[in-house]
Amino acid sequence: MSYQKEYVFFYYCLEMKEVLRRLKGKTNFVLVDLIGKYNSNKYRIEGAVTIPYDELMDRRRELIKYDEIILYSNNKACMLSKKRSVGLTLAHHFRDVKVYEGGIEEWMSAGLPVEEY
């Protein structure tokens with residue numbers, strides 16, 4: 001007989017002001033844009049590195065040198081960064097992975113600096 005189980009996973013979130021503080025500081029972190037050029041996207045947060053969602057797990061070794069990893073995608077409704085945060089933490093044992101939920105939409109709406117691809 002088959003059955004269903006429910007699991008609950010937690011992920012840590014940062015607000016825009018906290019991301020800004022890290023970008024202005026000298027901490028050893030990386031801000032990762034998971035969107036890339038998906039859906040004709042042209043922008044990323046200035047200072048972020050792009051590792052598209054579907055490449056992140058294969059390229060996770062690029063993140064080992066950082067003390068903190070901050071992932072972002074489109075907006076609060078988008079689940080990409082949340083799923084990858086849980087994957088990096090549980091499956092690959094990264095210690096300090098966070099999500100900037102507001103994503104590129106909130107960032108650009110606030111008029112903060114972006115880079116064009």
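Assuming 0.36 nm per residue, please report the length gained on full extension of the stretch Lys65 to Tyr7 beyond their Cα-Cα distance. Please report the intermediate quantities before stating the final value.
Details: separation 58, 0.36 × 58 = 20.88 nm, distance 3.03 nm.
So the extension gain works out to 17.9 nm.
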Footprinting exposure proxy for Met16, Met79, Met57 (fewest neighbouring C-beta atoms within 10 Å first): Met79, Met57, Met16
Candidates Ser85, Ser40, Ser73, ranked by Gaussian network fluctuation over the chain, Cα under 10 Å, top entry: Ser40
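Using Cβ contacts closer than 10 Å as the measure, can you line up Phe10, Phe29 from fewest to most? Let's see the in-between values first.
On the way: Phe10 8, Phe29 17.
Fewest to most other Cβ atoms nearby, the residues stand as Phe10, Phe29.
Just to be sure I follow the rule: in the range 1-110, considering lysines 8 or more places apart or on different chains, how many pairs have Cα atoms under 17 Å apart? Spell out each step's value before the answer.
Numbers: Lys17/Lys26; Lys17/Lys76; Lys17/Lys98; Lys26/Lys65; Lys65/Lys98; Lys76/Lys98; Lys82/Lys98; Lys83/Lys98.
Going through the range 1-110 pair by pair, I get 8.
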Tyr38-Leu90 pseudo-label distance in nm [points 7 Å out on the Cα-to-Cβ vector]: 1.9 nm
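Just so you know, all these numbers are worked out from the coordinates, no wet-lab data involved. Source: prediction; values computed, not measured. Positions of Cβ are backbone-derived with ideal geometry, glycine not excepted, and every protein chain shown enters the neighbour counts.
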